[in-house]
Amino acid sequence: AMLQHMDTLYDNALSSFRTLIGAVSKDPAMIIWLDLHENTKDSPNENFAREVMELFTLGVDNGYTEEDIRQVARAFTGWKYKQSRRRGSCSTAFDFDESVHDSGRKTVLGQSGNFDGDDVLDALCKHPNTARYIAQKVWEYFAYKGVGSETLNRVTRAFAESGLQVKSLIRAIMTDEEFYSERSVGSRVKS
């Protein structure tokens, strides 16, 4: 599952953020790590829901409520993985178990409907806080912490206008004049 997870990241790293987050969310390693396989309609597990909102899309306390987390957990019920073993090898794959999915009406980020996990990922990617949060995280990874609002606005705008294309975000950051400022150059050492 870990090798498959690395392939998922490599294969989707420069795609649209929606494609990347969709692939990672259905990745068996992520399902295992964040207990998504234990998330059922009778016993919703909020671990994955919280992480997908706090770490992967919106950021901590940035446009959602505790009730949103509970509703998102319901939307992701039934997301599991399956494992098969053959002659010394083992493979894992995403699996949806409809029998444990909560098919009821949910309200997420002010919108109501019979949402599933993919619907929630679509909504999170459309939320304006996602583009800004991801742009800031990537800026801080490559340049420095505490990016100014003017610079962050520029790279966020480029990212949002591209339809959340990760490659466009990287290009916007690495061609921004602030990326070559005295404050930025040499502040992060990356291989």
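The values are calculated or read from the model by the stated rules, or taken from the named source; none is laboratory data. Every value quoted in this text rests on a predicted model; they were computed, and no experiment measured them. Here the Cβ is made from the backbone with ideal geometry for all residues, glycine too, and neighbour counts use every protein chain on show. For the accessible areas, the whole protein counts, side chains as well, though only heavy atoms, and no ligand, DNA or RNA atoms are used. Shrake-Rupley method; radii C 1.70, N 1.55, O 1.52, S 1.80 Å.
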Next item on the list: Provide a single number: the residues in region 1-12 that are open to solvent by less than 50 Å² (accessible area, probe 1.4 Å), among the hydroxyl-bearing types (S, T, Y) and within 24 Å of E161 (Cα to Cα).
Entry: 0
Next item on the list: Identify the single condition in (1) touching an Asp or Glu at 6+ places or on another chain (Cβ under 9 Å); (2) open to solvent by 60 Å² or more (accessible area, probe 1.4 Å); (3) free of Cβ contacts under 8 Å to residues at least 40 places away in the same chain; (4) within 25 Å of S16 (Cβ to Cβ) that L55 does not satisfy, given that it satisfies every other one.
Entry: (1)
Checklist line | Test result for D35, in contact (Cβ under 8 Å) with a residue 12 or more places away in the chain, surrounded by fewer than 20 Cβ atoms within 10 Å (Cβ to Cβ) and over 22 Å from E161 (Cα atoms) | finding: yes
Notebook entry, point to check: Which residues, counting only those in region 13-28, are surrounded by 17 or more Cβ atoms within 10 Å (Cβ to Cβ), touching a residue at least 60 places away in the same chain (Cβ under 8 Å) and touching a helix residue (DSSP H, G or I) at 6+ places or on another chain (Cβ under 8 Å)?
Noted result: S16, F17, R18, L20, I21, G22, S25, D27, P28
Next item on the list: Select from region 149-163 the residues that are open to solvent by less than 40 Å² (accessible area, probe 1.4 Å) and under 14 Å from Q136 (Cβ atoms) and write down the one among them that is farthest from the chain's Cα centre (by Cα).
Entry: T151
